[in-house]
Amino acid sequence: MWRNSVGFSSKLLTSKSSYSRLPLLNHGVASRSTSTAAGSGPESTEAAGTVKVRFSSTEWVRTGSPGSSAVDLSSFAAASVLKGRDIVDMAKHYGRCYAELSKARLSMLVVATSGTGYILGSGSAIDYMGLCCTCAGTMMVAASASTLNQVFEVKNDAKMNRTKKRPLPSGRISIPHAVTWAASTGMLGTALLASKANMLAAGLGASNLVLYAFVYTPLKQIHPINTWVGAIVGAIPPLLGWAAASGLVSLNGMLLPAALYFWQIPHFMALAYLCRKDYADGGFRMYSLADASGQRTASVALRNCLYLLPLGYLAYDWGLTSGWFCLESTLLALAISGTAISFYMKRTTKDARRMFHASLLYLPVFMSGLLVHRVTESEQQMTVEHTGKIIEMSPLLETTEEAQEEKRKQSIGNGQRRPPVAYASVAPFPFLPAPSYATF
């Protein structure tokens with residue numbers, strides 16, 4: 001009897017330990033089967049009866065006990081936390097994929113050039129809301145174009161060490177998903193430019209998307225002229241910003257696009273020279289692949305660096321900036337031209353990398369100088385008016401000076417000389433009055 005009571009107590013403790021796991025195991029169902037399977041023989045039947053009694057009591061406690069409700073709420077909160085973490089992880093995953101598909105750093109550079117063009121085209125009053133909308137629309141269109149570029153080049157990117165870890169070659173995101181992302185961002189960006197800027201800016205954005213995704217991208221596998229087509233693509237965003245601010249395309253608005261066009265040639269020539277093996281493995285027809293010695297690649301880069309030299313003077317001559325920018329822009333162009341000359345003479349990987357780094361430094365400094373030294377329309381008008389007044393007053397000043405000189409000559413010729421004493425009394429002793437002499 002004592003042994004049976006001990007067995008009953010042990011089984012009761014076993015059932016209690018199982019009961020403690022009830023809220024986490026489907027409200028006691030799994031715990032009940034575990035307790036039943038734990039026993040054997042007559043003790044097992046007794047234990048089973050105990051579990052049944054305990055289970056019925058837990059059902060009553062579960063429906064009426066506040067403590068059990070607190071346990072259920074804690075389990076629900078734990079499940080909610082796990083589900084929230086899954087959502088956060090998924091958001092991080094797709095956020096990284098979208099950023100890589102959009103080529104976020106390159107798109108931010110495109111936005112910077114568009115914003116600079118907007119400020120230059122705004123004159124004295126800048127519409128900051130319009131600037132933000134233009135930058136946002138440009139960012140969306142650039143993201144769409146970059147995504148379509150990767151959709152069309154997914155097989156080529158898989159063969160290159162530099163690009164094989166992108167979302168599409170690595171399988172982190174599907175092609176239909178990427179196409180949906182590209183279509184949505186492209187349409188939203190174009191609609192934003194059309195509604196908040198003007199139709200000219202929206203047209204430039206849409207045409208640049210088509211030119212990049214459907215002309216430049218396939219040309220990379222057909223002909224080396226793709227580099228020059230890509231330079232046109234890069235020159236359009238600052239013109240887009242100018243058109244969004246001013247509503248027109250003028251000669252002044254072509255200065256920054258010209259700088260972007262000439263800058264991109266040495267930039268991409270250096271990159272193509274450094275990544276020749278990758279481009280060859282990917283099946284791209286770059287200019288450097290047909291130039292084993294690198295001489296033609298270096299000469300093209302040097303020639304376009306020299307084209308950057310007169311841009312500072314043109315900006316000053318056309319009234320966009322002050323004279324300081326002319327000096328700064330010339331020094332910048334000479335610096336990048338120096339690296340291009342070094343690359344032309346030696347044609348080594350080290351010199352190509354130096355020219356590439358110089359190109360990365362040139363563009364932000366050039367655009368910063370444009371913004372710092374820009375001259376607004378009101379300042380230009382004030383300068384013109386001031387110059388006109390000086391020109392108008394110069395004949396009057398000359399006439400007045402001539403009249404005074406003539407009067408002085410007449411006074412000397414007609415009047416009598418004063419005695420030397422008068423001069424002596426004035427010069428050494430200025431506090432004494434000059435003596436007056438009467439004439440008879």
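The values are calculated or read from the model by the stated rules, or taken from the named source; none is laboratory data. Just so it is clear, the structure is predicted and the values come from calculations on it, not from any experiment. Positions of Cβ are backbone-derived with ideal geometry, glycine not excepted, and every protein chain shown enters the neighbour counts. Heads up: the accessible areas ignore ligands, DNA and RNA and are worked out on the full protein's heavy atoms, side chains in. Shrake-Rupley method; radii C 1.70, N 1.55, O 1.52, S 1.80 Å.
One table, with the values for the structure above:
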{"read-out": "Sites Ile222 and Ile175 - FRET efficiency at Förster radius 22 Å, r taken between beta-carbons, to 0.05", "value": "0.50"}
{"read-out": "Cα centroid separation - region 81-113 against region 157-193, whole Å", "value": "12"}
{"read-out": "Region 219-341: Cα Rg divided by the 2.2 N^0.38 Å rule of thumb", "value": "1.19"}
{"read-out": "Ordering of 271-281, 91-101 by burial proxy (mean other Cβ atoms within 10 Å per residue, highest first)", "value": "271-281, 91-101"}
{"read-out": "Percent RCO, i.e. relative contact order, over region 272-359, from Cα pairs under 8 Å lying at least 6 residues apart", "value": "28"}
{"read-out": "Carbon plus sulfur fraction of accessible area for region 218-275, probe 1.4 Å, in percent", "value": "73"}
{"read-out": "Distance in nm between pseudo-label sites at Val249 and Val81 (7 Å out along the Cβ direction from Cα)", "value": "5.9"}
{"read-out": "Accessible area of region 100-193 divided out per residue, in Å², using a probe of 1.4 angstrom", "value": "44"}
{"read-out": "Where only C-alpha atoms are counted, convex hull volume of region 237-302 per residue in Å³", "value": "101"}
{"read-out": "Phi-based couplings in Hz for region 171-176 (Karplus 6.51, -1.76, 1.60; Gly and Pro marked x)", "value": "x, 6, 8, 8, 5, x"}
{"read-out": "Gyration tensor over alpha-carbon atoms, region 277-359, equivalent ellipsoid semi-axes in Å", "value": "31, 13, 10"}
{"read-out": "Solvent-accessible area, 1.4 Å probe, carbon plus sulfur percent, for region 102-188", "value": "68"}
{"read-out": "Centroid-to-centroid separation of region 225-268 and region 200-218 [C-alpha atoms, Å]", "value": "13"}
{"read-out": "Region 188-279, Rg to Rh (Cα coordinates; Rh as Kirkwood inverse mean 1/r)", "value": "1.04"}
{"read-out": "Kirkwood hydrodynamic radius of region 104-179, from inverse mean 1/r over distinct Cα pairs, in Å", "value": "14.1"}
{"read-out": "Accessible area per residue in Å² at 1.4 Å probe, computed on region 246-318", "value": "42"}
